[in-house]
Amino acid sequence: MSRAAVLGLEDGSVWWGEAFGDASSASGEVVFNTAMTGYQEVASDASYNGQLVVMTYPLIGNYGVFDRASESRKPWVEALVVRELNATCREGTEDLDSYLRANGVPGIAGVDTRALTRRLRSSGTLRGALIQVPPQRALDADIGNEAVAKARATTALAQRPLVAEASVTVERTVGAGPKIALIDTGVKENQVRSLVQRGASVRVYPVESSMRDLLSWSPDGIVITNGPGDPAAIPHVAASVKILLDMAQSRGAGRPVPILGICLGHQLLARAIGASTSRLPFGHHGSNHPVQDTVTGQVVITSQNHEFQVDETSLPLHSEFFVSKRNLNDGSVEGLSHRTLPIRTYQYHPEGAPGPRDNEPVFDRFMEDVRDAVARRS
């Protein structure tokens, strides 16, 4: 028997639908994702920790879920909001409804996601609450008001330890080859796979790791990963990144240690050099964002998932960093590069899960930098 559910937003709007997934309630920020496929990768992306995700593509769940497609150890979305749920498992190991139910994640289907997305675009990201409707209250309009009240009472995400929740707690090492130290602020597993496939030995470090311990491993390269939330809320992590930057810059061009920052890692590196970050009106979430290289003029289509941006005017002139990539939709900063050292950051996701795969050469270039650095030191 179907279950009713209601989504209330802090602006007072109420959205009724049919519940699926886990029979629980959820609250957090409501954001929309424009990807046409990849709902499992979206659900298991730790950058969505604390958020209810609206999928703009109208049909979700039609190919099931696959063990190999998970980007983390569990789904991180607070809830999934869809127009039409296809519960039939056509190709995957299980259907989306069962997958979310097994992992304690609720969902709501039958929502006019186009109208909801237009509201979020106009108002900006809003807090929301998803409530399961008991059968005896199926016609009770007051439950919508309860959902709105719960949305308005939802704790701001900046007050939650989102990154600490998402990061691993124990180090792990995979692969063989040049040593890459990866600081896990909410890593997507395909970043690890992409490096291992290119011949790296990747050691994943918890976000709270001592930089002394990390550097004692003598890594040949360092990656600061994606993750959830506001970079300004974790100044201690930016301080750790500054230690790594100072180390890399003190060695100079003769003994460089390449550094790669992705998404939150890009923002943390910017803050480490003294730049500021700010919130975008409704974030970038999807797999169709055009980005241009400021040096070559090349345009690529990128996968993105973030609420914050680096403020270009705040970049210190003495930092030797320049804006290397720019978003063609809104002009926001999509990448930074050091003028002399192999230190580069990307606001978008080069691992492209769920896609596109246009930007995998980011990892090729990073590993070329690593091997070149190893050769210089030998």
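Read the figures in this text as sums done on the coordinates, not as results from a lab. Keep in mind the model is a prediction, meaning the values are calculated, not measured. Virtual Cβ from ideal backbone geometry, glycine too; neighbours counted across all protein chains shown.
Results, tabulated for the structure shown:
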quantity: Neighbourhood net charge (14 Å Cβ-Cβ; Lys/Arg +1, Asp/Glu -1) for residue 332; calculated: -2
quantity: Where labels lie 7 Å past Cα in the beta-carbon direction, separation of residue 14 and residue 322 in nm; calculated: 5.7
quantity: Of 74/325; 242/325; 188/242, pairs whose Cα-Cα distance is over 29 Å; calculated: 74/325
quantity: For region 212-220, Karplus couplings with θ = phi - 60° (6.51, -1.76, 1.60), whole Hz, Gly/Pro x; calculated: 5, 5, 4, 6, 5, 6, 6, x, 8
quantity: Residue 365/residue 142 FRET efficiency (R0 45 Å; Cβ-Cβ; nearest 0.05); calculated: 0.20
quantity: Euclidean distance of C-alpha centroids, region 206-256 and region 93-153, integer Å; calculated: 38
quantity: Fraction of antiparallel bridges per DSSP, the chain only, in percent to nearest 5; calculated: 60
quantity: Pairwise label distance in nanometres, residue 165 with residue 123, each label 7 Å out on the Cα-Cβ vector; calculated: 2.2
quantity: For residue 294, distant residues with modelled amide H under 5 Å away; calculated: 325, 326
quantity: √(5λ) per eigenvalue of the Cα gyration tensor, region 31-138, largest first, Å; calculated: 21, 17, 14
quantity: Per-residue HN-Hα couplings for region 173-180 [Karplus 6.51, -1.76, 1.60; θ = phi - 60°; Hz; x = Gly/Pro]; calculated: 10, 9, x, 9, x, x, 8, 10
quantity: Antiparallel content of DSSP bridges confined to region 3-155, in %, to 5; calculated: 65
quantity: Backbone N within region 127-145 under 18 Å of label point (7 Å from residue 3 Cα along the Cβ vector); calculated: 129-140, 143-144
quantity: Under Karplus coefficients 6.51, -1.76 and 1.60, residue-wise ³J(HN,Hα) of region 330-346 in Hz, glycine/proline x; calculated: 10, x, 6, 6, 10, x, 10, 9, 7, 6, 10, 10, x, 10, 9, 10, 9
quantity: Percentage relative contact order, region 3-155, counting C-alpha pairs under 8 Å, at least six apart; calculated: 37
quantity: Summed residue charge, Cβ within 12 Å of residue 111's Cβ, Lys/Arg positive, Asp/Glu negative; calculated: 0
quantity: Sequence-distant residues sharing a close amide H with residue 207 (under 5 Å, placed H); calculated: 168, 184
quantity: Long-range HN-HN contacts of residue 348 with modeled amide H, under 5 Å; calculated: 263
quantity: The chain: relative contact order as a whole-number percent, Cα under 8 Å and 6+ apart; calculated: 16
quantity: Inverse of mean 1/r across different Cα pairs in the chain, Kirkwood, Å; calculated: 21.2
quantity: Residue 196/residue 247 FRET efficiency (R0 25 Å; Cβ-Cβ; nearest 0.05); calculated: 0.55
quantity: Neighbourhood charge, 11 Å Cβ-Cβ cut-off, centred on residue 46 and excluding it, Lys, Arg +1 and Asp, Glu -1; calculated: -2
quantity: Using a Förster distance of 41 Å, the FRET efficiency for residue 87-residue 173 (Cβ separation, nearest 0.05); calculated: 0.55
quantity: 10 Å Cβ shell holding at most 16 others, DSSP loop, chymotrypsin sites (Phe, Trp or Tyr not before Pro): longest site-free stretch of the chain; calculated: 218-378
